[in-house]
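Okay, structure first, notes after.
The values are calculated or read from the model by the stated rules, or taken from the named source; none is laboratory data. Predicted, not measured: the structure shown is a model, and the values here were computed from it. Here the Cβ positions follow ideal geometry from the backbone for every residue, glycine too, while neighbour counts run over all protein chains shown.
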Amino acid sequence: MSSKSGHSLEKKWVRKLPRSKMVYPSSFKDRIKYIFWRLYTPAHPIVRNTTVALRVVKPIHKGRQDYLLGIIAPGVETKDFISFLTEKGYGKHSVALKDEGELISLRYLDNFVYQYHIRIFKDREVRGHYEYTPECYPIAHWFKRGVEARREEFLELFGEMIIPFKNPDLDGDDNNPQDGNVIFPD
């Protein structure tokens, strides 16, 4: 099998993963947002990709977002790690912008207001954070207001499926393992 057909197989497999489903809100104002996003979400990837390509929208970061958690452990297949997360209630997050080298973006909705957001990259790196959902507070979400690392919660969920990096105090571009600034356990 050529790498091109293997890559297509990966794309097909990712497309078949369950999508995240918004939690139905209790307030009238949030129900209006919910209805809008239910109608708009299928079109979002096309709108996102077009507006970014035309430079109508500029992502507020380059490369990869903060909150590096670690790398998928040797012996754990990326597909198995993603399947584990979907079994725990995570679903594909198609509303998110894509980071450089991102394989998939997953989220677990705590409620209509907050989500746990995980990004998995082609090089097996895992990043995650807790934040407002873009559906409830799109502006606060865009400008990263109210984002929390929640590192220990993620690491408890992952167990031995990832190798955590040792320096959780690093943030921004300083936590890029390709720069040699991140120390993984031996």
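Tabulated data
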{"item": "Residues within the range 15-45 that are within 18 Å of the chain's Cα centre (by Cα), among the aliphatic types (A, V, I, L, M) and over 21 Å from Arg145 (Cβ atoms), tallied", "result": "1"}
{"item": "Residue count for the range 54-79, restricted to those that are of a type in the set (A, V, I, L, M, F, W, C) and over 23 Å from Val14 (Cα atoms)", "result": "4"}
{"item": "Conditions (1) within 13 Å of the chain's Cα centre (by Cα); (2) in a strand (DSSP E or B); (3) farther than 15 Å from Lys21 by Cβ: number failed by Ile163", "result": "(1)"}
{"item": "Identity of the residue in the range 90-125, over 21 Å from Tyr24 (Cα atoms) and part of a loop (DSSP other than H, G, I, E, B), that ends up farthest from the chain's Cα centre (by Cα)", "result": "Asp123"}
{"item": "Neighbours by Cβ (under 6 Å, 6+ apart or cross-chain): first from the range 138-167, more than 16 Å from Asp66 (Cα to Cα); second modelled with pLDDT of 95 or more and assigned to a helix (DSSP H, G or I)", "result": "Met161/Phe81"}
{"item": "Some residue of the range 86-95 being within 25 Å of Ile46 (Cβ to Cβ), modelled with pLDDT of 95 or more, among the hydroxyl-bearing types (Ser, Thr, Tyr) and in contact with a Pro (Cβ under 8 Å, 6 or more places away or on another chain)", "result": "yes"}
{"item": "Count of residues meeting criterion [surrounded by fewer than 20 Cβ atoms within 10 Å (Cβ to Cβ) and under 28 Å from Lys11 (Cα atoms)] in the range 139-163", "result": "7"}
